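Notes follow once the structure below has been shown.
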2 protein chains.
Amino acid sequence: MEALLTELRAAVGSDAVLTDADVTVAYQRDMMPLAPYGQPLAVVLPSSTEQVQAVVRACAAHRTPIVPRGAGSGLSGAANAIDGCVVLVTTKMNAIVEVDPDNRLAVVEPGVVNLDLRAAVEKHGLFYPPDPSSYDWCTIGGNLSTNAGGLCCVKYGVTTDSVLGVEVVLADGSLLKTGRRTVKGVAGYDLTKLFVGSEGTLGVITRATLALRPLPQAPSTLVATFDTTVAAGAAVARVVREGVVPSLMEIMDRTSIKAVEQYLKTDLNADAALLLCQSDSGGEAARRELAAIEQVCADSGAVLTYVTDDLAEGRDLLTARRSVLMALELYGAWLTDDVCVPRNRIADLIAGCELISAEAGLRIAVTGHAGDGNMHPTIVYDPSSADEFARARAAFDRILGLGLELGGTITGEHGVGKIKREWLATEIGPVGLRVHRGIKQALDPGNLFNPGSMFSP
Amino acid sequence: MEALLTELRAAVGSDAVLTDADVTVAYQRDMMPLAPYGQPLAVVLPSSTEQVQAVVRACAAHRTPIVPRGAGSGLSGAANAIDGCVVLVTTKMNAIVEVDPDNRLAVVEPGVVNLDLRAAVEKHGLFYPPDPSSYDWCTIGGNLSTNAGGLCCVKYGVTTDSVLGVEVVLADGSLLKTGRRTVKGVAGYDLTKLFVGSEGTLGVITRATLALRPLPQAPSTLVATFDTTVAAGAAVARVVREGVVPSLMEIMDRTSIKAVEQYLKTDLNADAALLLCQSDSGGEAARRELAAIEQVCADSGAVLTYVTDDLAEGRDLLTARRSVLMALELYGAWLTDDVCVPRNRIADLIAGCELISAEAGLRIAVTGHAGDGNMHPTIVYDPSSADEFARARAAFDRILGLGLELGGTITGEHGVGKIKREWLATEIGPVGLRVHRGIKQALDPGNLFNPGSMFSP
């Protein structure tokens, strides 16, 4: 493979081709402990679309698979290396090429960090909604590949809802430009949304045109606590039914609450469940929305409700929600799941997780984006115990089965990657799988990009 | 072909297979006078998914192309018959299978009329946004196939933004189920959005799961008139830039205004351009939004602005906008175009159309969805004059070229169909076309569905 390495060095420069195992280890895997990973032949960090094209052509000629990778914040192993592959890291392509306030769009390279984009467009009074938990270090390229979500989705949707077009290097090195700069457009198949969420299996995204929104008003915050998850679940369902659309609606179960209380050394005054909602509509509209939610919570049996316009107080309450994973590290390592269920089945999901927790003998904290049904049951285990790891893995799978049973999906925002391949096959069935394979074959006949990720060849 | 007709009759019943040319003529073409059309072998009207599967299998066995069709309100010839084909009409599959207010979704068959769905979900306090001009007779199946838009798009997006999943009969008769019932979900490629807008070239949609929104507040309406289109265009651009998102923002040029005044026998008090905006945010929020837009209009040099909360008055103003095409029939036949340009290029588009109009010696009225840049320059011609028709056709093409020159797209909501094939190739380029053909080949290797529509095989 020396010939390939020589070509790669010619393509991107010697400094941008890493082969030392001590260095490449940092690019071998993402944040999902369950996912398999291998030893790459090399890690390359191109600086331009032309360099990506050269890398793709070289790898294609040598039949060496490419695993595209952003910052590695993923939670499905989609960016994990496979043995002998080239990991193509897009972090050096981190230019915000353009912000166009007249048309509320931005053009960016894939290595731009989500938070950097948010800050850059905020200066123009604009807002890029997708806000995955890792927004301070994940990249737009990874967000596009996994169709990332976040807390914003209840009102603003997932990444695909903010993408107008992409540029993608295909398996033969040619450059495909999809989409447009206009807010509407139906010329041809929607290739943009085909590439978004394709987890690096169809090409390498080298540029994206993103739709921006007007910056929303400063958020007002409501917190409500419940002594049963059934009551909290009923409140969520009724908010949906009554047609209130908050800009954020998060739920924490008892285990999450206790962990965060211990971690932040605070008292959340909550027992079985806590709902956290925000409205970014501003003024009277925000007051009306939160008053409606407060009434629904009270009617559903909330123990306590509290509304505040104070930004610092709102931020503190959000910190509680955002601290769950770190708090769980008090107890051990964590394994976070990602199922999305119909919004009237949240209480059933929590009850099911309690049962799985009891049977597995492992702590499972359930937290998530209640407003859109996207829940993250998180299993805590002792990483030094093979037995606990095996039980955690089994519980992880049982939760996926539970999500499907409740009419949901095996992934709301993290993706399939290298851990849910068999579950994808279960969810989409043999016809769906055949169509996936047909599209993959049409676009990547040599199985160059991320082979074995998402579905088996 | 008697063997195929026998199989079709066995599949759907004799009454649902039409072969008499006097009857099939009604299914030969849609509303676009430019598009070619042929003589179908038969028109079939299946009543169920199973019947669609049987029809597809029979046609596949006899290598007879299928042109799927809804109500025929399309404006690109996508549903136009080709010689010897089977036109598969979905209008008999018109059940609203389910409305689920708890999860704000509806499950429908493709033949449901857009207006019937709107009315059915409104009873539950819910709202299905896509509202193409033909909403009182077009079907959801056609809306899905063309990714239809409407007046709502500036705030609520196009059809694809309201689709959670579809069921599609593929070329081998198998049934593909895409998507989900949850609001989020990233399991596998986004096949849903691949089929939406594919104009019947990849399969026959037999069912769809649609996302609904809370019913908005009753609209408040603003009208502003301008004595130059440049001033009106500047107002639109500034509204976008200032981050106000109305629920409707339409523009009419001088020719549209004059035609409507004559048709409705009213005085719109407008000279060169009229902007019509609505806010459905209700109460203080609506007042704030429309006041902001009113200020922008005044600052941009509006001659007159007027705001009303009165619903009847708002409806009357909207009637003026909705009457443009009918009003143009006072002068002759019309040919409506559908380009979408960046929102700060609307005045340039109108100016360009004025030039094209002068050079073609034909009246061109420009009206459209200013808030999203989707404009419908409409050419008036004498259908009995071959020369005028040829000039109209040439003007139609020049407008598409102008749309692309201004950084826009050749279709904002009507689709490519059988009239913009060459223009699609121009817009997406050779790599884009190759990817389109690859996907078509992967899903429909025998070129069974709507061959030659959207792009040449």
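The values are calculated or read from the model by the stated rules, or taken from the named source; none is laboratory data. All values reported here derive from a predicted model rather than from experimental measurement. Heads up, the Cβs are rebuilt from the backbone with ideal geometry, glycines too, and the neighbour counts pull from every protein chain shown. Remember, those area values only see protein heavy atoms, side chains included, never the ligands or the DNA or RNA. Shrake-Rupley method; radii C 1.70, N 1.55, O 1.52, S 1.80 Å.
Tabulated results
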item: The range A:102-118 versus the range B:110-170: alpha-carbon centroid distance in Å; result: 31
item: Pseudo-label separations to other copies for A:Ser456 - Cα-to-Cβ vector, 7 Å, nm; result: 4.3
item: log₁₀ of I(q)/I(0) at q = 0.09, 0.10, 0.12 Å⁻¹ - chain B, Debye sum with one point per alpha carbon; result: -0.60, -0.74, -1.05
item: With DNA, RNA and ligands ignored, accessible area of B:Asp227 (1.4 Å probe; Å², nearest 10); result: 80
item: Estimated FRET transfer efficiency when R0 is 41 angstrom, pair B:Ala394-B:Leu215 (beta carbons, to 0.05); result: 0.35
item: Estimated FRET transfer efficiency (B:Asp227, A:Ser48; beta-carbon r; R0 41 Å; 0.05); result: 0.25
item: Cα gyration tensor of the protein assembly as shown - equivalent ellipsoid semi-axes, whole Å, descending; result: 43, 34, 28
item: Assigned charges on the beta-carbon of Lys, Arg, Asp, Glu; chain B dipole about Cα centre (debye); result: 1140
item: Under Karplus coefficients 6.51, -1.76 and 1.60, residue-wise ³J(HN,Hα) of the range B:279-284 in Hz, glycine/proline x; result: 10, 10, 7, x, x, 4
item: Nearest-20 debye value, the protein assembly as shown charge dipole, Cβ charges on Lys, Arg, Asp, Glu; result: 1440
item: Residues with amide H under 5 Å from that of A:Ala71, placed H, sequence gap 5 or more; result: A:Thr139, A:Gly142
item: Area of A:Arg393 that stays accessible when all protein chains are in place (1.4 Å probe, Å², to 10); result: 70
item: Cα lying deepest toward the dipole's positive end in chain A, options A:His369, A:Ile379, A:Gln441, charges on Cβ; result: A:Gln441
item: Between the range A:261-304 and the range A:413-448, the alpha-carbon center distance in angstrom; result: 40
item: Accessible surface ranking that places the most exposed of A:Leu335, B:Leu330 first, with a 1.4 angstrom probe; result: B:Leu330, A:Leu335
item: Approximate spin-label separation A:Ala312-B:Asp267, in nm, with each point projected 7 Å along Cα-to-Cβ; result: 6.1
item: Cleavage-rule hits (trypsin sites (Lys or Arg not before Pro)) in the range A:204-307: DSSP loop, at most 15 neighbouring Cβ within 10 angstrom; result: A:Lys265
item: Net lengthening on full extension, A:Glu284/A:Leu304 (0.36 nm per residue, minus Cα-Cα); result: 4.9 nm
item: Cα→Cβ-extended label distance, 7 Å offset, between A:Gln39 and B:Arg437, nm; result: 4.4
item: Cα coordinate range in the range A:25-64, projected on the principal axes (Å, largest first); result: 34, 22, 13
item: Electrostatic dipole magnitude of the range B:1-98 [Cβ: Lys, Arg +1; Asp, Glu -1; Cα centre; debye, to 20]; result: 180
item: The range A:260-269 - phi-based ³J(HN,Hα) in whole Hz, Karplus 6.51/-1.76/1.60, Gly and Pro as x; result: 5, 4, 5, 5, 8, 6, 9, 10, 8, 6
item: Alpha-carbon centroids, the range B:351-393 and the range B:216-255: separation in whole Å; result: 22
item: Shape metrics for the range A:220-405, restricted to C-alpha atoms - Rg then Dmax, Å; result: 16.2, 55
item: Per-residue mean of C-beta atoms belonging to partner chains within 10 Å, peptide A:422-431; result: 3
item: At 7 Å out from Cα toward Cβ: A:Leu215 inter-copy label distances (nm, ascending); result: 3.7
item: Inter-copy label distances at B:Ser48 (7 Å, Cα→Cβ; nm, one decimal); result: 6.2
item: Simple spin-label estimate for B:Ala21 and B:Glu122 in nanometres, 7 Å along Cα-Cβ; result: 4.4
item: Rounded tilt (10° steps) of A:421-443 against the dominant C-alpha axis of chain A; result: 30
item: Rounded tilt (10° steps) of B:311-322 against the dominant C-alpha axis of chain B; result: 70
item: Rounded if a/c under 1.5, otherwise prolate or oblate - the range B:1-138, Cα gyration tensor axes; result: oblate
item: Computed over the range A:2-89: relative contact order in percent, which uses C-alpha pairs under 8 Å that are six or more apart; result: 38
item: Percent antiparallel among DSSP beta bridges (both partners in the protein assembly as shown, rounded to 5); result: 85
item: A:Tyr128, B:Tyr27, reordered so the largest accessible area comes first (probe 1.4 Å); result: B:Tyr27, A:Tyr128
item: Interface burial for A against B (accessible surface, 1.4 Å probe, total of both chains, Å², rounded to 100); result: 6000
item: Helix-derived mean residue ellipticity, 222 nm - over chain B, DSSP H n ≥ 4, -39500 (n - 2.57), to 500; result: -11500 deg cm²/dmol
item: Listed pairs A:Lys440/B:Lys193; B:Lys155/B:Lys177; A:Lys155/B:Lys155; A:Lys184/B:Lys265; A:Lys418/B:Lys184; A:Lys123/A:Lys177 exceeding 23 Å between Cα atoms; result: B:Lys155/B:Lys177; A:Lys184/B:Lys265; A:Lys123/A:Lys177
item: 10 Å Cβ neighbours from other chains, averaged over peptide B:437-444; result: 4
item: Selected from B:Ala54, B:Ser14, B:Val44, residue furthest toward positive end of dipole (the range B:2-89; charges at beta carbon); result: B:Ala54
item: Efficiency of FRET from Cβ geometry, A:Ser384 and A:Asp136, R₀ 30 Å, rounded to 0.05; result: 0.50
item: Antiparallel bridge percentage (DSSP; both residues within the range A:2-89; nearest 5); result: 20
